[in-house]
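Presented below is the structure to which this report refers.
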Amino acid sequence: MATALFYPASLPNTNINPAWLEFQFYERKSPKNSNPDDVIQLYMPESAANPSTVNWNTEAFGFIGNTIANGTDQNGGLGGTAKDAANIAYERGMANLQAAAANRLGGRVSAEGILSNSGKVPNPYLTMLFKGVDFRTYSFTFKFFPFSEKDSETIHNIIKTLRKNSLPDYASESSEAFLGYPKEVEVAYKWRGESNKYLHKFKRSVITALDVDYTPNGMFAVMRNGMPACIQVSMKLSEIELVMRKDVDEGY
């Protein structure tokens with residue numbers, strides 16, 4: 001395994017920092033048991049969450065759509081819904097007549113307005129429809145404060161490594177016609193050197209955004225060697241594999 005870059009300097013001391021976040025970078029579609037190209041270990045950020053990915057939409061089926069969706073009765077007819085259909089037709093017919101009369105006399109009113117004003121709002125027959133599952137997306141923000149020359153070099157190398165792994169290269173050294181894929185990353189919550197079983201695991205991911213702010217405190221301040229006194233790195237990631245029901249029992 002590649003040598004890990006870590007911050008802060010006290011991170012290996014589990015008595016001071018029992019929890020941290022680990023990033024292992026791999027070439028695209030690398031085998032699960034392959035060795036990472038780069039490893040970065042950072043302190044636990046202030047925000048850590050397991051986002052929702054299930055998509056549902058509300059659809060207004062209306063009376064006819066609801067009847068068709070729920071099927072007919074055993075005798076092939078509308079059954080108990082026939083009375084509802086008659087009521088809807090009657091009320092809408094009366095509302096249309098009233099709206100037409102009002103509009104001829106200079107008013108501007110719709111049949112729906114007439115129904116609502118009478119205290120009768122048509123039942124939209126709302127139905128929840130499952131639309132699918134999306135990839136989990138998540139973000140982390142880290143602040144770096146150099147206290148020594150060594151800290152400056154470590155922070156500089158961590159940011160450079162993150163940026164390199166989030167960017168593509170040309171697919172061929174002899175041509176710029178095609179771009180290759182950026183690196184993939186495996187993220188893990190760590191607790192005293194092991195995966196934290198009480199927090200969710202991550203699927204293989206990619207960095208979709210990486211912002212480096214050299215003035216997070218609203219002004220530019222530097223150390224004597226020119227290193228910014230504070231650097232904030234904000235990163236967004238997206239998993240490239242879906243999390244399904246069976247994955248929950250495996251810790252995802």
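The values are calculated or read from the model by the stated rules, or taken from the named source; none is laboratory data. This is a predicted model, so every value here is computed, not measured. FYI the Cβ positions are ideal-geometry reconstructions off the backbone, even for glycines, and counts take in every protein chain you see. Side chains are part of the model used for accessible areas, which takes the heavy atoms of the whole protein and leaves out ligands, DNA and RNA. Shrake-Rupley method; radii C 1.70, N 1.55, O 1.52, S 1.80 Å.
Within the range 159-194, can you find the residues that are hydroxyl-bearing (Ser, Thr, Tyr) and free of Cβ contacts under 8 Å to residues at least 24 places away in the same chain? Answer for the range 159-194, where residues must be hydroxyl-bearing (Ser, Thr, Tyr) and free of Cβ contacts under 8 Å to residues at least 24 places away in the same chain: Tyr170, Ser172, Ser174, Ser175.
Residues in the range 229-242 that are outside any loop (DSSP other than H, G, I, E, B), of a type outside the set (S, T, N, Q) and closer than 16 Å to Thr137 by Cα: 4 in all.
Residues that are under 16 Å from the mean Cα position of the chain (by Cα), closer than 13 Å to Leu21 by Cβ and open to solvent by 40 Å² or more (accessible area, probe 1.4 Å) within the range 177-209 comprise just one, Lys201. Tell me, which residue of the range 158-176 that is over 16 Å from Met235 (Cβ atoms) and over 23 Å from the mean Cα position of the chain (by Cα) is most open to solvent (accessible area, probe 1.4 Å)? This residue is Glu173.
Which residues, taken from the range 119-148, are surrounded by 13 or more Cβ atoms within 10 Å (Cβ to Cβ) and on the phi > 0 side of the Ramachandran plot? Of everything in the range 119-148, just one residue is surrounded by 13 or more Cβ atoms within 10 Å (Cβ to Cβ) and on the phi > 0 side of the Ramachandran plot, namely Tyr125. Across the range 158-177, a minimum of one residue is classified as in contact with a Pro (Cβ under 9 Å, 6 or more places away or on another chain), among the acidic types (Asp, Glu) and over 24 Å from Val54 (Cβ atoms). For the range 207-228, indicate whether the set of residues that are closer than 16 Å to Val39 by Cβ and outside any helix (DSSP H, G or I) is non-empty. Yes - at least one qualifying residue is present in the range 207-228.
For the range 43-56, give me each residue that is open to solvent by less than 30 Å² (accessible area, probe 1.4 Å) and within 17 Å of Phe142 (Cβ to Cβ). Once the filter is applied, which keeps residues that are open to solvent by less than 30 Å² (accessible area, probe 1.4 Å) and within 17 Å of Phe142 (Cβ to Cβ), the range 43-56 yields only Pro45. The residue that is modelled with the lowest pLDDT, counting only those in the range 23-42 that are under 24 Å from the mean Cα position of the chain (by Cα) and surrounded by fewer than 16 Cβ atoms within 10 Å (Cβ to Cβ), is Lys32. Of the residues screened, Tyr252 is one that is of a type outside the set (A, V, I, L, M), touching a His at 6+ places or on another chain (Cβ under 7 Å) and open to solvent by less than 70 Å² (accessible area, probe 1.4 Å).
Restricting attention to the range 2-22 and to residues that are among the hydroxyl-bearing types (Ser, Thr, Tyr) and in contact with a strand residue (DSSP E or B) (Cβ under 8 Å, 6 or more places away or on another chain), the residue that is least open to solvent (accessible area, probe 1.4 Å) turns out to be Tyr7.
For the range 178-206, the tally of residues that are in a loop (DSSP other than H, G, I, E, B) and either at pLDDT 95 or above or touching a strand residue (DSSP E or B) at 6+ places or on another chain (Cβ under 9 Å) (or both) stands at 14. Whenever a residue of the range 219-235 is free of Cβ contacts under 8 Å to residues at least 12 places away in the same chain, its partners that are in a strand (DSSP E or B), lying with C-beta atoms within less than 9 angstrom and at least six residues away or across chains, give the pairs Phe220/Pro228; Ala221/Pro228; Val222/Pro228.
Return yes or no: is Lys143 basic (Lys, Arg) and assigned to a helix (DSSP H, G or I)? Against the criterion (basic (Lys, Arg) and assigned to a helix (DSSP H, G or I)), Lys143 does not qualify.
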